1. Go through segment A:27-50 residue by residue and tally those that are away from every other protein chain (no Cβ under 14 Å) and of a type in the set (Asp, Glu).
2. Residue check: is B:Pro330 within 9 Å of chain A (Cβ to nearest Cβ), crowded, with 22+ Cβ neighbours inside 10 Å and at pLDDT below 95?
3. Being crowded, with 24+ Cβ neighbours inside 10 Å and facing chain B (nearest Cβ under 7 Å): is that true of A:Pro266 here?
4. Please determine whether any residue of segment D:176-194 is surrounded by 24 or more Cβ atoms within 10 Å (Cβ to Cβ), within 13 Å of another protein chain (Cβ to nearest Cβ) and over 16 Å from the mean Cα position of the chain (by Cα).
5. Of the residues A:Leu285, A:Leu259, A:Leu274, which single one is without any contact (Cβ under 8 Å) to a residue 12 or more places away in the chain, surrounded by 23 or more Cβ atoms within 10 Å (Cβ to Cβ) and within 7 Å of chain B (Cβ to nearest Cβ)?
6. Restricting attention to segment B:157-189, report how many residues are among the hydrophobic types (A, V, I, L, M, F, W, C) and out of contact with any strand residue (DSSP E or B) (no Cβ under 8 Å at 6 or more places or on another chain).
7. What do you reckon, is C:Ile131 within 14 Å of chain D (Cβ to nearest Cβ), surrounded by 18 or more Cβ atoms within 10 Å (Cβ to Cβ), of a type in the set (Val, Ile, Thr) and under 15 Å from the mean Cα position of the chain (by Cα)?
8. Looking only at segment B:290-308, which residues are among the polar types (S, T, N, Q) and at the interface with another protein chain (Cβ under 7 Å from one of its Cβ atoms)?
Protein chains: 4
Amino acid sequence: MSSSFGTLFRVATFGESHGRGVGAVVDGCPPGIELDEGDIQTQLDRRRPGQSELTTPRQEADQVQILSGLENGLTLGTPIGLLVRNKDQRPGDYGEMNQIPRPSHADYTYQMKYGIRAASGGGRSSARETIGRVAAGAIAEKILRARWGVEIVAWVSATGTVESDAIDPMHLTRTQVDATLTRCPDLEAAARMEDLVREVKEAQDSVGGIVSCICRGVPAGWGEPVFDKLEALLAQAMLSLPATKGFEIGSGFAGTAMLGSQHNDPFVRKGTGLGTLSNYAGGVLGGISSGEPVLFRVAFKPVATIGKTQQTADFSGAPTELAARGRHDPCVVPRAVPIVETMAAQVLLDLALRQKMRE
Amino acid sequence: MSSSFGTLFRVATFGESHGRGVGAVVDGCPPGIELDEGDIQTQLDRRRPGQSELTTPRQEADQVQILSGLENGLTLGTPIGLLVRNKDQRPGDYGEMNQIPRPSHADYTYQMKYGIRAASGGGRSSARETIGRVAAGAIAEKILRARWGVEIVAWVSATGTVESDAIDPMHLTRTQVDATLTRCPDLEAAARMEDLVREVKEAQDSVGGIVSCICRGVPAGWGEPVFDKLEALLAQAMLSLPATKGFEIGSGFAGTAMLGSQHNDPFVRKGTGLGTLSNYAGGVLGGISSGEPVLFRVAFKPVATIGKTQQTADFSGAPTELAARGRHDPCVVPRAVPIVETMAAQVLLDLALRQKMRE
Amino acid sequence: MSSSFGTLFRVATFGESHGRGVGAVVDGCPPGIELDEGDIQTQLDRRRPGQSELTTPRQEADQVQILSGLENGLTLGTPIGLLVRNKDQRPGDYGEMNQIPRPSHADYTYQMKYGIRAASGGGRSSARETIGRVAAGAIAEKILRARWGVEIVAWVSATGTVESDAIDPMHLTRTQVDATLTRCPDLEAAARMEDLVREVKEAQDSVGGIVSCICRGVPAGWGEPVFDKLEALLAQAMLSLPATKGFEIGSGFAGTAMLGSQHNDPFVRKGTGLGTLSNYAGGVLGGISSGEPVLFRVAFKPVATIGKTQQTADFSGAPTELAARGRHDPCVVPRAVPIVETMAAQVLLDLALRQKMRE
Amino acid sequence: MSSSFGTLFRVATFGESHGRGVGAVVDGCPPGIELDEGDIQTQLDRRRPGQSELTTPRQEADQVQILSGLENGLTLGTPIGLLVRNKDQRPGDYGEMNQIPRPSHADYTYQMKYGIRAASGGGRSSARETIGRVAAGAIAEKILRARWGVEIVAWVSATGTVESDAIDPMHLTRTQVDATLTRCPDLEAAARMEDLVREVKEAQDSVGGIVSCICRGVPAGWGEPVFDKLEALLAQAMLSLPATKGFEIGSGFAGTAMLGSQHNDPFVRKGTGLGTLSNYAGGVLGGISSGEPVLFRVAFKPVATIGKTQQTADFSGAPTELAARGRHDPCVVPRAVPIVETMAAQVLLDLALRQKMRE
């Protein structure tokens, strides 16, 4: 287990899908910040299942409690304990799966690693694990916004085979993102994505997608060469999310096909410093933020738990069929949007605080 | 700065391109392992510039010295100091660049972060920084091979616009990879890649590419949920390499367009445990190795330093032209092959040692 | 803030004296261990205030809740969330102290460090902070006992000017320690200690003392040279406890007056390995456990909060008098006994797990 | 192995007594600091054996080389590689000891931990290991002095049974400390210490002692509650030094015998803030520096390696005699003075940098 993340802004998460609760301890939060549970609840509500007919029918209120680290609405600089009680526990739903490791799920590997695993709901590999991250990252977002004016907005740029390239991220808002069920702010593409998800749901199948993210207002100088480069920590953060298979910053894989003379971003004067005309770099040079917006994309595979019957083997190796009966989303990508944002916020705030040692 | 990596097998690197030397301290190497400088030199030689007409003409012997941690050819379990002396220092080559931050290079961001930067050669953002990683990772490779039979082989699967899909990684060897100058074991594609690099070099331009990597023989159970998942640490390791812009494991970005019923890898009996029929997962489930080969890909952008004249601005913001005169590669991707392998080895060995706490 | 401790068995604590609750997240607990709340409650009860007329009159039930990491009474290897709700909050008691930093307390330094501090009860510098440590360390104790037969027993060897040298720690039990209110198993000395504490309490003053501790059954080989030597981590752990001023292992300060020929512990055959005739080393050689019992002592200063009137200054520097009215112990040393034991357990288990990488 | 120390100013040391060299990598050094090898050499020379007839006759120049991290005499903020080549290797001296673990030395425990050990000179448990620490800490000292005016002075306050209480540390200088061979600035006591060491040397025995240390000019606010309290990290740092058995801050063990009303340090106005009339606290309150001088003491046991014949057992458990023939000091305490200073500097600078996240 390695359930803590960050060097100075350090988050330790805990909690299974079906225990008493999930949450996090945030160590290293700057003191004197105004904070209340509402600041955190907003992102938890965006992450919550059951927000639309497109997602899982589980209704979980997911109300966060701040256990410590505050007095009179201000952070003390001491650890902030965050707790969300689990409700709506129906362990019976997962009973049958005990003998059959779900294909492309973590049942088999948890058993091999720990010699034991949560009999119900996937334990720490459940999407519910992300609640602690989101709660902690919501605090990071608030600080980044207040201190440096950083704005982080993620959106769905692909759902299955439906992609959208018609989005200008420079002025995109979360309100625009939340305007569609699929969290794609390109309305035409969003409609096609919605159709696709309905179709897939009907077929008891699932579909993946891509979440893109922009971080505006990040000043030059954040990122710690060489192993804690900004893009390296973002990559770790994103690939630590359930169901992720890829990460790109700036030009990403497409950039490999360009020539250096095309890909290089020419410097120009911007304000009192330098900026670049293009931003193939995605806002980082040598692992350090350049002052240009940080732009990255994260690939999410289709959800592994599907109702459709699959051929597979049980733990003994005997061939069998499996048709999952539990509650599951046909497409988690819209709910991944706040998770990507809050993980990015954790990375950025940690690097911002680390940079202060040089001031 | 954050120049150390790993939890139990912990590597701290040091060194600029033009100081006295570069190297690493490896802390946490298991005791009683046979080791000599030759074990390390092999990968350093594969990383070395000047191996062919396609790469930089710098001739650096890059001979490694083991400073500590050994007696009678066996590791003591104590820190292993590794040193490669710098030679062939020609700081004059870079003089002009002091006033002009090279586009898409780290001159500007280092200056903004540290308020100072190496006047010559890029300092820690130089490719020479990777020597310490390769030396340390070569030790990790040796241990992985001896203890668990793990084989790591990386190869070039794309150079600029030339891609190869005709490679079966299951039996690929380093000898096959090294058979072509471009380190693409698909001979037909390799020839086209070579042509492309020559053409680009002629134009004083540069080109990027993709390095693919397979890790065979990784047992089930490695990887520490949730923040140190195997794929999360691989992503961090790879995005910490100079010039990288993307990381994919298994199906990666392409997998987002698949349905769950296609993407799920059905379990079947293999040996005494389970394996999967397909491997879209890329050898990891829930952040833990499954026993199937670990497969990933890394995107490298075209080298930023090019001889071709570029429009840009100097540090004051005044428009100017820049045509780099220093020594530089038109394509670093072939030399990235051993770097990718040795970084992967560091990640795997660290996770292997961490898993031992549960045995 | 740095509220986490340990490398593989990693504990993150949270909680102020007067917020909603205190607790910890234990990351890296081995899987498959039988555990319930009773295992933890025993040490929390020994730490609890209000156990006797000698201690603070606060009555806090301090019931622990396990929030996660368990299923069917077995640990899953996933993070264990631990929560103790705060009750009996009387913030008014501390109102007056807001303008006057209590002498030898942390009011002043928290204000200087964070620019803010908990207005009531001392925040993280309150003794209540230790609940999270004790809860987490109680889990470590259980594992050490079950897996390696390690027994940890601490006792009070001095209270103020009353010392006891008449204790043979080799067979000492916690039952014997708990037989007296002062937790000194030397009954004659215990009686004099009790008299002293009553006298001091009467005078509205306070008194310090020394807690000694033995760890029996620690196998040879635990401890990570050079910075994480067993004695170095014990020293950090003990000096991180509130009110501690000193740490000794084995011969300690007295050993400095001996000759090498007296102080050296001669080796002899013991069982299948070696032991030593004397144990001035205190069970460690070169930072690694030797197989002999680990013996150390911790100095606790007299409690800073006293009812007696003191001359001091307020935050503005103006001279003033202070007579604390809040609830406070005349002597915390008996309650420190389980805290010392559980912190020692955290250190030992972490080092035991780290040693497994070499097996 | 755990050979790295610090969170932001992070030092990784390497090197055995008889390999090619010893040294350190310093990660996180602030940029733009004037630094040359002379800054480091001064403390290495004070640590060096063979400085007087009282110490080991080994003559080692111990010249440090800075391998990286500098340009034009200024730190770049990148890792600083430090190397001291080993000379004067006479492995034969230790040949006989291979079958006999030296009493109170680490031969036995290294063998039990690693299953192997350096056949000559004690490996990482040799005093030579401290060279890397001293070199790294000398850099920390320079920065603390330049940025905050911090002055660290250690001295010998006891050698064996000879103690000195006649030293006023408030104005003590290193020149005064170095005025006597025993590094005790109380000339009368120093003379008696010298006599004792000569006598002990004559008898082929050894003697321990106590090093006291003052850190003047430490501003209020350094130290990270709760596990990385200033005194906790100092305790870890000091108990990680070879041959240490105890640590006290402020009143230490003697303070346990005082009443709270005596021990509490009353606040008074000092400059623009508060100070205290007495300083039993030793400059820390609740783990955070108070602005008063930090005062601590470290106990060193008598050197284990002595020429006098000892009864012991060999590795097989058979009784035997041992009379060490290698080169060894009768008293290492004077040479420990710069080691204590430089380790204190590492702790202070790391905490100073960590505090900057709140500025």
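The values are calculated or read from the model by the stated rules, or taken from the named source; none is laboratory data. Since the model is a prediction, treat every value here as computed from it, not as a measurement. FYI the Cβ positions are ideal-geometry reconstructions off the backbone, even for glycines, and counts take in every protein chain you see.
1. Of the residues in segment A:27-50, 2 are away from every other protein chain (no Cβ under 14 Å) and of a type in the set (Asp, Glu).
2. Yes, satisfied.
3. no
4. Yes: segment D:176-194 contains one or more residues that are surrounded by 24 or more Cβ atoms within 10 Å (Cβ to Cβ), within 13 Å of another protein chain (Cβ to nearest Cβ) and over 16 Å from the mean Cα position of the chain (by Cα).
5. Values: A:Leu259 fails: surrounded by 23 or more Cβ atoms within 10 Å (Cβ to Cβ); A:Leu274 fails: without any contact (Cβ under 8 Å) to a residue 12 or more places away in the chain.
Step by step, each of A:Leu285, A:Leu259, A:Leu274 is checked, and only A:Leu285 is without any contact (Cβ under 8 Å) to a residue 12 or more places away in the chain, surrounded by 23 or more Cβ atoms within 10 Å (Cβ to Cβ) and within 7 Å of chain B (Cβ to nearest Cβ).
6. The qualifying residues number 5.
7. Details: within 14 Å of chain D (Cβ to nearest Cβ): yes; surrounded by 18 or more Cβ atoms within 10 Å (Cβ to Cβ): yes; of a type in the set (Val, Ile, Thr): yes; under 15 Å from the mean Cα position of the chain (by Cα): yes.
So C:Ile131 passes the test.
8. Of everything in segment B:290-308, just one residue is among the polar types (S, T, N, Q) and at the interface with another protein chain (Cβ under 7 Å from one of its Cβ atoms), namely B:Ser290.
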